[in-house]
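Below is one structure, written out as structure tokens, with a few remarks after it.
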Amino acid sequence: MRLGDLELYILVAGRWKADGGLMFGVVPKVLWEKQKLADGNNMIDMACVGLVARLNGKVIVCETGIGTKLSEKRAQQVVLREPEGLLHSLKRLGIRPDEVDAVITTHLHWDHAGGLTRWDKGCLELTFPKARHFIQRSEWDFALRPDIRSQSAYLTEDFTPLEDGNQLVEFLDGDAEVMPGVQIRHVGGHTPGSQILVLRSGELACAVTGDLVCQTPHLRVPWTMSADLEPLRVMEEKARLFEEAQKHRWLLVLSHETDQPAGYLEEDGRWRPEPRLA
Ligand SMILES: [Zn+2]
């Protein structure tokens, strides 16, 4: 789809399943299961939603999904499917990985950063070897030394190759406009360095929410994940984002929504999806 000068492609970088309790935290199952169907193992369908944007002649990728490095055991546990979705979508768009100029992952959890690297003939390689990668310094530091609760959510092979002297990683300390029309906002909450991406063309904007807003049920401010390290901060940042998104009609792209992950939040709180998937 197009927003002014922005050419946007919403894609699915992989599909998997997550425990419903992980996704909805303190929200009782009798409420969330009306929104998302759980299977016999209490797991719900998840997508890794990604975005490819062209703006001012640059190619920007936001979110890389799980990728292809998961162990067979873990891939089975999360019922991983279509792990090559991002690269397949890029190919369909006629974009080679080395033509990507900027990569933004909202945070470094395995289901967002996995696609940053891949095994190639026994070597761990960067998926996008010429792109600038924008990451909050606080996220990087925490991912290298996570607390005991977060240890299983970070896999160092996803991101440490970025710092092998190739100068492709740019650490941010808070909000930044990293290229004209490409704004990154530090929101924290889910993880210390969680960030959202806001792409702008004049008055029009698109925000990639990361796990600040995973799926459409999370469009309710108090519905947060049990994985959030600071749930109250998530609620504050969500409320702020929704206010701006409603007032200025920002297109929102939700990190794990399986059906219609992009859309507009109407003034009355209803979700109006933009249905096209690349
Ligand atoms: Zn996630």
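Quick notes
- Looking at the range 190-278, the pairs of alpha carbons with a distance over 21 Å make up 23% of the total.
- Each principal axis of the Cα atoms in the range 226-278 has its own extent, and those three values, largest first, are 33, 25, 16 angstrom.
- Reciprocal of mean inverse Cα separation for the range 57-97 (Kirkwood radius, Å): 11.7
- Rounded to the nearest 5, the antiparallel percentage of DSSP beta bridges internal to the chain is 75%.
- For residue 130 and residue 173, a Förster radius of 22 Å and the Cβ-Cβ distance give a FRET efficiency of 0.35, rounded to the nearest 0.05.
- Here the relative contact order of the range 2-269, from alpha carbon pairs under 8 Å that lie six or more residues apart, stands at 19 percent.
- Whole-percent carbon and sulfur share, accessible surface of the range 2-269, 1.4 Å: 49
- Normalised per residue, the volume of the convex hull around the Cα set of the chain (Å³): 124
- Sorting the segments 11-19, 224-232, 27-35, 46-54 by their mean number of nearby beta carbons within 10 angstrom, highest to lowest, gives 46-54, 11-19, 224-232, 27-35.
- Rg [Å, one decimal], Dmax [Å, integer] - the range 24-109, C-alpha atoms: 16.5, 48
- Convex hull volume per residue for the range 54-169, taking Cα atoms only, in Å³: 114
- Residue 76-residue 164 FRET efficiency (beta carbon distance; Förster radius 35 Å; 0.05 resolution): 0.70
- Modelled this way, with points 7 Å down the Cα-to-C-beta line, the labels at residue 268 and residue 98 are 5.4 nm from one another.
The values are calculated or read from the model by the stated rules, or taken from the named source; none is laboratory data. None of these values were measured; they are calculated from a predicted model. Please note: Cβ atoms are built from the backbone with ideal geometry, for glycine as well, and neighbour counts cover all protein chains shown. All accessible areas refer to the heavy atoms of the entire protein, side chains included, with ligands and DNA or RNA removed. Shrake-Rupley method; radii C 1.70, N 1.55, O 1.52, S 1.80 Å.
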